[in-house]
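The structure appears right after this line, and notes come after that.
The values are calculated or read from the model by the stated rules, or taken from the named source; none is laboratory data. Everything numeric here is computed off the predicted structure, so don't read it as measured data. Every residue, glycine among them, receives a Cβ derived from its backbone with ideal geometry; neighbour counts consider all protein chains shown.
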Amino acid sequence: MTVPQFLHRGDRVFVCCPSYRMDYPALLRGVKTLQDWGLEVEVSPLATESFLQQYCADVSVRRQELLWAFREPSIKAIFAARGGYGAVQLLDAELVGAMKANPKWLVGYSDITLLHFALLKAGVCSLHAPMLSSFAHEDCERDAESERRTFETLFGVSSPTEWSLKPELSPKGSLEVRGTLIGGNMASFTPLLGSAFDPFDSSGSYILFIEEVEETARNIDRMMHSIAMHIPKQSIRAIVCGEFTLCGDEFGLGSIERLLCSYTLPSLGWDDVPLLCSLPCGHDRVNIPLVQGAEYRLSFDASTLSASLCLREDSFRNSTDPSRG
């Protein structure tokens, strides 16, 4: 996997709305955070427009803008304004080709998961992290640590970060696995499995990251079955759950994690796949950045029922660009 060039102060970055549009004053509040990081921010000229009440423009215009952003050499990173719905409309072979030829950071989550998968298909790492809609919140609704870690990851100044996780479905004894971290919002990426934009390889080793918001328990069960139909069990070294924000509990099991642990994974014959929970990523206030496509190390100690997830530093190095100091 190619790790895009880390950012430097003074770099030019682009803010756009590949999914739903965002209120322009709120978007500008988010832009200020990027400016405070020392970045030169160019906001999409479409950002003040409205199309079908939800989008900033029709599909062809949004696709061409995204192609331009990847092909324009002066743009060093692309920040999504928000999620919602619409990124799937932009996926085509031309976009993947532009991503492969011009690797650069794409930052976002939720519906932006679809664009992360396109980048993974192009062989490029990307960042599942807070975006402009998060930066635009009032201070009491923002999480300083999530924003700091996003900055440090993009600027290449962070060391591997370790998070403590809660084991739900645990093997006997202790465990240490390594795998390429891929995932995100389940409703966004599940339809891509088996398509031309599916980045999973049957010979690969993966740590699958999943999260959801305002989804029913039955749909999460359905999506997990779809995942199992497309990704061989032997390729999944572990499943890591982020937040399941405002999700349903129609089966009365208390949580989505318990649904996965006590019903869904056993029914799939996946009850020996480690399931680790409580990663602070997704649609809640805390949204720690994850590098899609990088190799992570997951450790589990059965004697203490503790687990951790850590980015392998040697999998997160990019080539030096002499022209950029």
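Below are the figures for this structure:
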| read-out | value |
| --- | --- |
| Residues satisfying the stated conditions in the range 33-43, i.e. part of a strand (DSSP E or B) and charged (D, E, K, R) | E40, E42 |
| Those residues of the range 227-281 which are under 16 Å from I182 (Cα atoms) and polar (S, T, N, Q), in sequence order | Q234, S235 |
| Members of the range 230-264 found to be without any contact (Cβ under 8 Å) to a residue 12 or more places away in the chain and among the aliphatic types (A, V, I, L, M), listed by number | none |
| Unique residue being in contact with a Pro (Cβ under 7 Å, 6 or more places away or on another chain), under 15 Å from N185 (Cβ atoms) and at pLDDT 95 or above when the list is L106, L114, L66, L120 | L120 |
| Pair list, Cβ < 7 Å and 6+ apart or interchain, from the range 50-61 residues that are farther than 14 Å from Y85 by Cβ to residues that are charged (D, E, K, R) | S50/R21; A57/E49 |
| Every residue from the range 44-79 that is hydroxyl-bearing (S, T, Y) and either in a helix (DSSP H, G or I) or buried (at least 19 other Cβ atoms within 10 Å of the Cβ) (or both) | S44, T48, Y55, S60 |
| Some residue of the range 103-111 being surrounded by fewer than 24 Cβ atoms within 10 Å (Cβ to Cβ), under 15 Å from the mean Cα position of the chain (by Cα) and over 18 Å from V3 (Cα atoms) | yes |
| Boolean, A26 is in a helix (DSSP H, G or I) and surrounded by fewer than 22 Cβ atoms within 10 Å (Cβ to Cβ) | yes |
| Boolean, V240 is within 17 Å of the chain's Cα centre (by Cα), of a type outside the set (D, E) and surrounded by 20 or more Cβ atoms within 10 Å (Cβ to Cβ) | yes |
| S174 vs. criteria under 18 Å from the mean Cα position of the chain (by Cα) and among the hydroxyl-bearing types (S, T, Y) | no |
| Any chance T153 is of a type in the set (V, I, T), touching a Phe, Trp or Tyr at 6+ places or on another chain (Cβ under 9 Å) and assigned by TED's automatic domain parsing to the domain that holds V59 | yes |
| Selection from the range 1-10 of residues that are in contact with a strand residue (DSSP E or B) (Cβ under 9 Å, 6 or more places away or on another chain) and more than 17 Å from N318 (Cα to Cα) | G10 |
| Which listed residue, of R21, R82, is in a loop (DSSP other than H, G, I, E, B) and within 19 Å of Q292 (Cβ to Cβ) | R82 |
| Some residue of the range 250-258 being of a type in the set (K, R) and either surrounded by 20 or more Cβ atoms within 10 Å (Cβ to Cβ) or under 18 Å from N185 (Cα atoms) (or both) | no |
| Residue selected from the range 123-151 under the condition part of a helix (DSSP H, G or I), acidic (D, E) and exposed (fewer than 15 other Cβ atoms within 10 Å of the Cβ), by the criterion modelled with the lowest pLDDT | D139 |
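Residues are listed down the side, and each one gets a yes or a no for (1) closer than 21 Å to F117 by Cβ; (2) at pLDDT 95 or above:
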{"site": "R12", "(1), (2)": "no, yes"}
{"site": "V41", "(1), (2)": "no, yes"}
{"site": "L52", "(1), (2)": "no, no"}
{"site": "Y55", "(1), (2)": "yes, no"}
{"site": "P73", "(1), (2)": "no, yes"}
